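Encoded as structure tokens, here's the structure I'll be asking about.
Bear in mind that the values in this text are calculations on the coordinates, not laboratory data. Keep in mind that what you see is a predicted model, and the values were worked out from it rather than measured. Note that we place each Cβ from the backbone using ideal geometry, even for glycine, and neighbour counts take in every protein chain shown.
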Amino acid sequence: MRTTTKSVTLAMAASVVALAAAHAQDDKTLTIVSWGGAYTHSQDEAYHKPYAEKTGTKILQEDKSAQALAGIRSQVEAGNVTWDVVDMLQADAKRACDEGLIMEIPHDEWLAPSPDGAPPTEDFIEGTLGDCFVPQILYATMFAYDENAFPDGGPQTIADIWDTDKFPGTRALQNIPQKNLEWALIADGVSPDEVYDVLATREGQDRAFAKLDELRSSGNVIWWSEGAQPPQMLADGEAAIATAYNGRIFNAQVNEDQPFQIMWDGQMFEVDGWVVPVDNDDNIDLIKDYLYFATDTQRLADQAKYISYAPARKSSVPMVSTFEGTDIDMKPHMPTSPENFKNAVQFNTDFWADYGDSLEERFNAWLAQ
């Protein structure tokens, strides 16, 4: 059979296209930013690894979510966006969305329906989806303590945290105003359902800072900035009581056999999830595919095998099972379990979007005093 120059050229061109496509497939890469520690491990096991195995995508991870808002802002302003998908707190996501730093997400187009066909906007827990935000989990920041420091029993209420005579020892608090100001008002007698109304006033803000002054003046306060620090501070004896993320304390209890107890009274629960920085058009199809996979019902239920955070999808909740490799039922360790949720306070993202800048400035000045 005679082969023409034209047919050879066409065949060669087809081969080049095929090779380029294969190479592009091999080169699929996502840079994903998260918090590190037990939380990133839960993401790795529940959806990063399964997605990489399914698609051949290379996942590059950076543990920089503690600086997510500032990081995205600087990348966008510099015109050099290197992060594809970023794990961010809901309050920060709202601020980033308002500033035009992250993409608006059409939820019913980008996300998977529930197993019974309900659209995502009906399946995610009410109030968790944002214009630019896809939730993964509900988690709590709460107080934990070292049982060994309190042989007669540890603190049980927010007011107990301020009672340094009955419950002596150093308190480790996060070096941000969020939650500290709310707890200060609760310790000062403000009803949890009135906290944000009071904190929105100058008088209420003064009251909260005065209550924090009271605790700090006892000489019993140290500060933390990264989620891994509170359990370590408790383990090292630097602190007897610490605010912490409930998943970090659960990890220390179960995997490190630490004698820690969670005080669920006054837990501040909030939502954590994904955002996509603007100027990611070149990788947008891969980003969409990843989000569709990583936030479906099964994946969010699977995450609860590795960390005690509640899935953000209603259809995932009944699928929560046991801690991986053990017979520990994870349901009682969820912040949303009825026993733990009795006196929970929902972190108000709208309030902090409106008042965050001014209160952060005042808090940082207060810290420097």
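Grab the beta carbon distance between residue 362 and residue 226, set R0 = 30 Å, and tell me the FRET efficiency rounded to 0.05.
0.85
Given 0.36 nm per residue, what is the gain on full extension from residue 342 to residue 80 after removing their alpha carbon distance, in nm?
Length gained between residue 342 and residue 80: 89.8 nm.
Please go through segment 303-343 and write out the trypsin sites (Lys or Arg not before Pro) that DSSP classes as loop and that have at most 11 other C-beta atoms within 10 Å.
342
Students often get this wrong, so try it: which of (1) 139; (2) 158; (3) 170 is volume of the Cα convex hull per residue in Å³ as calculated from the structure shown?
Matching entry in (1) 139; (2) 158; (3) 170: (3).
To continue, here is another question. How much length, in nm to one decimal, is gained on full extension between residue 257 and residue 328, taken as 0.36 nm per residue of separation minus their Cα-Cα distance?
24.2 nm
Net charge near residue 320, counting Lys/Arg +1 and Asp/Glu -1 over other residues with Cβ under 13 Å of its Cβ?
In short, +2.
Show me, for segment 338-355, the HN-Hα J-couplings you get by feeding each phi into the Karplus relation (A = 6.51, B = -1.76, C = 1.60, θ = phi - 60°), rounded to Hz, glycine and proline as x.
For segment 338-355, the Karplus curve yields x, 5, 7, 9, 4, 10, 6, 10, 7, 4, 8, 5, 5, 4, 6, 5, 7, 10 Hz.
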